[in-house]
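The values are calculated or read from the model by the stated rules, or taken from the named source; none is laboratory data. The model shown is predicted, which means the values in this text are computed figures rather than measured ones. Here Cβ is always computed from backbone atoms with ideal geometry, including for glycine, and neighbour counts include all displayed protein chains.
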C-alpha cells in the first residue's frame, strides 16, 4: 500500500500507554523496535543517540486488532476487493489479523482454495485466515472436508451469507467440527421467515413501503442452533447478532454452559433502521439495521460479555452495484476503516464499557474464538502493534477509505478514536504519527 | 400564487398541509380548463417532460400524458419493464441518457420503493413519483383528496376508511399520509395478513371487521385485490375475501347513512367491490379519474413554475 515503509534501525516509542491483555489494563510503556522487531518493553526506556524517538504522548499502543468477519472477495470478485486492497483497509482500521469469509467465486470449500488464500497472504502486512465453507458450494447439503481444510489453514466453517437452513445438516456440521475443534459459524437467519425482506420489519419499513425482514427470522434460527450445539456438544459461533432477543438467548445458553460465542458488528452497535429513511442503499445490510431497543441490547451484551467480539462484516460492493434500486443493490457495507471510531463512540464515549474492555473485544476475544496465535508483545518477533488516539473526534469521509469499494453509510459522521499507525511484518503503515524529530 | 416548499414530489409523507392546499386549489382552477371547449393552455410551452415507466400502467400514464398535453409541454415516453433491465444495469445508467437530453421534469413509475428518491439524487430535473413499488403514489392520493374535498367541501374531521391489502399498497400509504396531514380520521381494514406491522404509528385505527368499520364512515377507499396474494399465503381465496371484506350491495344497503365510495382502479368487479356499488350514485370513482388530470396539471405547473422563477432571480 502507498504509505507503508520498511522499519530499519532503532525506533523508540515513548510516552504512550500500552494495552496489556494479561491485566486487561492500560499502563505507561515504552517500546523499543529494532529493524521492525520488538526488542524491549519497559515502563520507561532511556533514549540513546542511535534511536529514532517517537513521542506517543496521549496515544494508546495495542496489539494489532483482529477482525473475524471480513469479505475480501478473492477469488472471483476482485472488482470489489482483493487481499491486497482489503489488507490496506484493515491496516487503516488498525487490524493486523482478519478472517475472510468463503462466499467467493468459487467458494472457498476445498483445501486448495484455503491454501491459495494462506499462500497469497504471506507477503502482506495483514495475517489473513480463511473461514472455509461449511458445505460444498455453500449449498447447505453436503459437508466439506473439515479435516483437510483445517490442515491447510482454515480456522472455522461457515456458509456465511447462506444460512444452513436444514437442521439435520447443521447438526452434522457441528458434530463433524468436533473432530478438528473449530467453530461452525452461522449467519443465523431463517430465510423463509425473512422472505423478500430488504430492511428490518418495523415502523420504518411500514412507513417506507419496503418489505421487512422480521427480527424473529434471526431469533428463531439462533434458538435452533443453540439447541443443536448444546445437544451435540459442539462449538457454535453466531455471526453479527442484531436482535435483542438473540442476545438474551445466547446469554442464557452461555449460563447453561453451551459452547457458543458471538460477535456484533460496529454498525449494528451504532445505527438503527431510521438510517434507511434516506433510501441510501449503503444502509442495506444483512442482517438489517434494527431498532434503538436492539442497539441498546447489543451494547448491554457487549458490556456483560454475552457478545464476545466486535467485528466489521466488511462487505465491499462496487458503486455500480450500490446505485441499483433498493431491491437489487447487494446487501453490505465496508467497515474496517471506520470500526474503531464507531466502536469507541458507541461503547466508550457512551460509557457502556471502558477502553480496555473494548480492546479486549478487538484484540483478545476474536483471536480466542478462532484459535489464532495469541502471544502479544513477543520480544524478538516483528512488532505487531496498533497505535491510536482514543479520544480524537474526526469526520469520516471517502478519503479515509483504502478499500477498493466505497460503500459506507458513515460519510459525514463524526467518529471518536482514530488509528495513527500500524506496525506489522517489519513495516509501518503510518496514518499520522510523526517519526523523527 | 404561492410556491411549493419542495422541489420534487416524491411522496406525501413530508409534504406540509399548505402545499397540499395549494396543489388542490390550483387543481380546482385547472378543472375549469378541462370543462372548456378548448381544453389546452400554453402554460408549459417549451418545457420538456419525460414519462419514465418501468412498470406497466394505463391510468396513471394516460392521466399524466393528458395533463402534459393540456399544458402544452413537450413530452416523451420511455417504457421498460423493470424486470427486463438486466441486473447489471443501475438505475443511474438507465436514466443517464435521458438526463443528457436536458429534461425539465421526470415522471417515474418503478416497482421498487425509493426509486424516485434515488432518481432525484442523480438528475437535475424535477422528479414526480408516479408510484414506487409498495411505497408511495402521491398523485393518486392528491386526486383522492381533491375528490373528497369536491364532494364534502372539506377534508378536516371526515372519517375515511381504507379497505384491503394495506401492506402492499402505495395508494394506502400516500392516502394515510395525505389524509392525516389534512386532518381526517383514518381507519384501515382488511385481514391481518394485509395489515403491516406498526401501521398504528402513522396515526390510523386498525380493524379486521368491515361491518363494524362501515358504520360511521364518511368515505371508503376500496383497494384492488391482487390475484397473486393467494400464492404468498396471505389470503386463502377471493371468495372468502369477498364475503368478509367485499363492498357488496347488501352491505351498502344495510347502512343507515350515506357512504361515499372511492376506488383507485382498475376494479375487480365482484371481488372487492360489486358492480352495482361501483356504478351507484354513492360512487365518485369517475370523478377521481377526471380530478387525476387536474391534480397532475396543478403539480406540473407548480413544480415547473417554481423552477422558472428561481432561474430568473439568478439571471
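Odds and ends about this structure:
- For residue B:252: the one exception among (1) out of contact with any strand residue (DSSP E or B) (no Cβ under 9 Å at 6 or more places or on another chain); (2) not in a loop (DSSP other than H, G, I, E, B): (1)
Condition check ((1) in the same structural domain as residue B:275 (by TED's automatic domain parsing); (2) assigned to a helix (DSSP H, G or I); (3) closer than 27 Å to residue A:193 by Cβ; (4) within 15 Å of the chain's Cα centre (by Cα)) across all residues:
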{"site": "B:143", "(1), (2), (3), (4)": "yes, yes, no, yes"}
{"site": "B:176", "(1), (2), (3), (4)": "yes, yes, yes, yes"}
{"site": "B:186", "(1), (2), (3), (4)": "yes, no, no, no"}
{"site": "B:212", "(1), (2), (3), (4)": "yes, yes, no, no"}
{"site": "B:216", "(1), (2), (3), (4)": "yes, no, no, no"}
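- Test result for residue A:308, touching a helix residue (DSSP H, G or I) at 6+ places or on another chain (Cβ under 6 Å), within 23 Å of residue A:257 (Cα to Cα) and more than 14 Å from chain B (Cβ to nearest Cβ): yes
- On the stretch given as the stretch B:15-70, residues that are assigned to a helix (DSSP H, G or I), over 13 Å from residue B:300 (Cα atoms) and out of contact with any strand residue (DSSP E or B) (no Cβ under 7 Å at 6 or more places or on another chain) total 14.
- With respect to being assigned to a helix (DSSP H, G or I), within 18 Å of the chain's Cα centre (by Cα) and under 28 Å from residue A:274 (Cβ atoms), residue A:362 fits the description.
- Top-ranked residue of the stretch A:317-342 - restricted to ones that are at the interface with another protein chain (Cβ under 8 Å from one of its Cβ atoms) and in contact with a helix residue (DSSP H, G or I) (Cβ under 8 Å, 6 or more places away or on another chain), ranked as modelled with the highest pLDDT: A:326
- Counting only helices (runs of 4 or more DSSP H) that sit completely within the stretch A:169-233, those holding 2 or more residues that are touching a helix residue (DSSP H, G or I) at 6+ places or on another chain (Cβ under 9 Å), surrounded by fewer than 20 Cβ atoms within 10 Å (Cβ to Cβ) and away from chain B (no Cβ under 13 Å) correspond to A:216-232.
- Test result for residue A:417, away from chain B (no Cβ under 14 Å), under 20 Å from residue A:268 (Cβ atoms), in a strand (DSSP E or B) and modelled with pLDDT of 95 or more: yes
- For the residues B:135, B:117, the requirement of being within 13 Å of another protein chain (Cβ to nearest Cβ) and part of a loop (DSSP other than H, G, I, E, B) singles out B:135.
- The set of residues in the stretch B:235-250 being surrounded by fewer than 17 Cβ atoms within 10 Å (Cβ to Cβ) and more than 14 Å from residue B:209 (Cβ to Cβ) consists of B:236, B:237, B:239, B:240, B:249, B:250.
- Checked against (1) within 14 Å of chain B (Cβ to nearest Cβ); (2) surrounded by fewer than 20 Cβ atoms within 10 Å (Cβ to Cβ), residue A:283 passes all but a single condition, namely (2).
- One residue alone among A:391, A:412, A:432 is part of a strand (DSSP E or B) and farther than 27 Å from residue A:183 by Cβ, and that residue is A:391.
- Any hit, the stretch B:167-187, residues being more than 14 Å from every other protein chain (Cβ to nearest Cβ), free of Cβ contacts under 8 Å to residues at least 24 places away in the same chain and over 25 Å from residue B:65 (Cβ atoms): no
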